[in-house]
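Working notes, beginning with the structure itself.
The values are calculated or read from the model by the stated rules, or taken from the named source; none is laboratory data. Remember, it's a predicted structure, so these values are computed and weren't measured experimentally. For neighbour counting, all protein chains shown are included, and Cβ atoms are generated from backbone atoms with ideal geometry for every residue, glycine included.
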Amino acid sequence: MDLVPSDAETRILYNNSADMDPLKLLSRSTKLQKKQAAPAKNAQLPSGQQARPQLFASERNAADETASRKRKRGQTAKSHSAIESAGPDFFGGGAARATESSPPPQEPQLDDTNLSLEDDSVKMDEDKETEEQARKILKQHKLKMTWLNPSTISKKSKKKAKEVKKEQNQHVYPRPLERFHTLRSRFAIPQRLQENVSDQGYDLATEVQMAALPLLLDNPNSFLHAPDGQESVKHESSYIDLLAVAPTGSGKTLAFLIPLFSKIMRLRKEQNGSRHTTAVILAPTKELVGQIVNEGKKLGLNTGTKISQVRKGMNLDHSSATTDDGSAEEDSSVKVDVLVSTPGVLHSTLEDKENQDRAVLPAVESLVLDEADVLLDPLFREQTLAIWNRLAHPDLRVSLWSATMGSNIEDLARSTITARQKRLAEEKDVKSSDVPLVRLVVGLKDSAVPNIEHKLIYAATEQGKLMGLRQLLHPTTSSAESGPPLRPPFLVFTQTIERAVALHSELLYDIPAEAGGISRIAVLHSDLSDTARDSVMTRFRKGEVWVLITTDLLSRGVDFRGVNGVVNYDIPTSSAAYVHRVGRTGRAGRQGGVAVTLYSKEDIPYMKHVATVVSMAQKQQGAAAGEGVQQWLLDALPSLSKNDKQKFKKRGVEVRTARGMASDPKGAKKARISTKAGYVRREENKRKGAIAGSKQRAKLQSKEDDGDGSDFGGFD
């Protein structure tokens, strides 16, 4: 009997068997990866996975996304049935024929020279939204935009100043941008820039991007209208000044980089390709500066736009100078389109002797302040304002971005803009122009992200805090009730550099050698060299470091997309500091992040600002009655006076500072980061004292022996 089937029998077996797969036949000797099961619809995703980038998603967008997924599944099933009906195809010919028979729809190609925003052929469905629909979408996403300086109100009004100011503030409703693929059709951004945005995988805009991009890319006359009964005023400026307040991790960097690069590319086209520095971005830390530069390089790939970090000794762009004999001096300055720097480095460069008498950075038309509340805080205020006033271009546009911005920062920004415009107008003897100033607020102002779990844990003492942190590192069944599980990687924030170093030394051997040992824990602070800081950041981003102990150096702006949790080992010194610390997790709408705050008995008088922010975040998250921070706890916690708040913000909990330890030795013992018992510590001190005494006696004995053996004993 012949056991080998004929060709006809093979075809019959293949057609009649549902389990015969050509891929399986060709790959019988290889190991195929199993497809991972899709997560459950209502499953809690870890912070490293992104569910959707929006914090306040509307029901309409969710329905559109669901319909889109169903549509894709239907298309995939149809294509599979077409291939199967054609029989086995080992060389791809059938797939190619199937592709040719049903070509995918292509998007219309737009040309910069023939592009018109009023052309119906390039308008998308989203561009047909009425103003009422725009208002509805903005309200669903909790977006509030206010025109702060409309010039249509009569200045001779006899009303009180506050009433006039309130009347002048006027809400605006620009048409929101819901999808990134409509950027070019709506605002005529360069094609290469649109391609770079798509290549980065950006599709659905976050709340701050949804509102900020139309404000910065569109003409102000399209959304700034005079109040009812007043004559409409056309604005000469094509751009506005912007104050943007949005939650941490909501995509503010992309929201100011896209308009910046679009404007630079248009200017370079108008100037026949000549390159000058036309934008300056300021950020408070070196880590945030490096992150902005990296994101800018991705966005400006193959566009001819250069972005660079300011370094010490860099010769900045300046106007052409002449030598004593009247000949033109050779310009050796660095020519880049965008400069990114911390205030200290750029200020020292501008105040250098070689740059004091020159018009440095004369072509800068855009100034961006990232984390503006810190840059205008007393720590950086003098340097930031000096840079701001040194930029002499009359059409300088300013945008300020942060997750927290108090009214004092807003008033300072408004007064600086007004004073600068008046000063430039007086110097050039022209009339001062009123540039529109718009404030954008996403969600509740100065609130923490609602998509993470906030937890306050009372640890009583410093030793209790350390034990609580170790329980988070090694969760057990008995310790699960004290706090939520914390998956690495996560950040641990301390009050001072000394405490960060001490905590790192204490936890250095807590991770077993089998899991990586001491290489999994690192410390980062400003006393480290630039090379060491870059190395730690790189290792943490790669996942080689699981626990990173740091100070508030990393609390601002730095994007770690895979951080699953944040531990406040020392309580933050303000509500804004808490918002920024916990914002290192739950980035871009990711779910499953955890924020744990450990506090001791000494921290209780300073806990109300933290408890208030946590309570607001839990209410936004929809906490049920009886869950979260209770109202009786908020009422029981003491309130700090204005002076006490300033003192606490400057010094923190004094018992942990060097000054507090010097004035209170008992407080120093309480603030020591260690879990050793008092008896063990006393025995160690006794041994150390005995060893030191023995060495001292041996030293004295050797001196006496040397003196007895010599003829001369020295002068009296």
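Details
- Tabulated pairs, segment 451-471, first β-branched (Val, Ile, Thr), second crowded, with 18+ Cβ neighbours inside 10 Å and assigned to a loop (DSSP other than H, G, I, E, B), C-beta under 6 angstrom, 6+ apart or interchain: ILE452/THR585; ILE452/GLY586; ILE452/GLY593; ILE457/GLY483
- Those residues of segment 378-391 which are more than 21 Å from the chain's Cα centre (by Cα), more than 20 Å from ALA359 (Cβ to Cβ) and assigned to a loop (DSSP other than H, G, I, E, B), in sequence order: PRO378
- For beta carbons closer than 8 Å, sequence separation of 6+ or different chains, a first residue in segment 394-419 that is under 16 Å from ASP373 (Cβ atoms) and a second that is among the aromatic types (Phe, Trp, Tyr) and crowded, with 22+ Cβ neighbours inside 10 Å, the qualifying pairs are SER399/PHE256; TRP401/PHE256.
- When residues of segment 362-398 are limited to those that are among the small types (Gly, Ala, Ser) and over 26 Å from VAL613 (Cα atoms), the one surrounded by the fewest Cβ atoms within 10 Å (Cβ to Cβ): ALA386
- Within segment 586-601, the set of residues being modelled with pLDDT of 90 or more and not in a strand (DSSP E or B) comprises LYS601 only.
- Evaluation of ILE452 against (1) modelled with pLDDT of 90 or more; (2) under 19 Å from the mean Cα position of the chain (by Cα); (3) β-branched (Val, Ile, Thr); (4) surrounded by 21 or more Cβ atoms within 10 Å (Cβ to Cβ) (one fails), failing number: (1)
- Failed item in (1) surrounded by 14 or more Cβ atoms within 10 Å (Cβ to Cβ); (2) at pLDDT below 95; (3) over 16 Å from PHE256 (Cα atoms), with GLY300 passing the rest: (3)
- Residue within segment 509-524 that is at pLDDT 90 or above, of a type in the set (Gly, Ala, Ser), out of contact with any Lys or Arg (no Cβ under 9 Å at 6 or more places or on another chain) and assigned by TED's automatic domain parsing to the domain that holds SER615 present: no
- Evaluating GLY464 against the criteria (1) in contact with an Asp or Glu (Cβ under 9 Å, 6 or more places away or on another chain); (2) at pLDDT 90 or above; (3) not assigned by TED's automatic domain parsing to the domain that holds TRP147 leaves one unmet condition, (1).
- Test: residue in segment 271-278 that is modelled with pLDDT of 90 or more and buried (at least 20 other Cβ atoms within 10 Å of the Cβ): yes
- Scanning segment 490-544 for residues that are under 16 Å from LEU472 (Cα atoms), surrounded by 19 or more Cβ atoms within 10 Å (Cβ to Cβ) and among the aliphatic types (A, V, I, L, M) yields LEU491, VAL492, LEU503, LEU507, ILE511, ILE521.
- Segment 272-288, subset touching a Leu at 6+ places or on another chain (Cβ under 8 Å) and either part of a strand (DSSP E or B) or among the hydroxyl-bearing types (Ser, Thr, Tyr) (or both), residue farthest from SER333 (Cα to Cα): THR285
- In this structure, VAL558 qualifies as under 15 Å from the mean Cα position of the chain (by Cα) and in the same structural domain as LEU486 (by TED's automatic domain parsing).
- Cβ pairs under 7 Å, 6+ apart, first in segment 582-602 and outside the structural domain of SER555 (by TED's automatic domain parsing), second surrounded by fewer than 22 Cβ atoms within 10 Å (Cβ to Cβ): none
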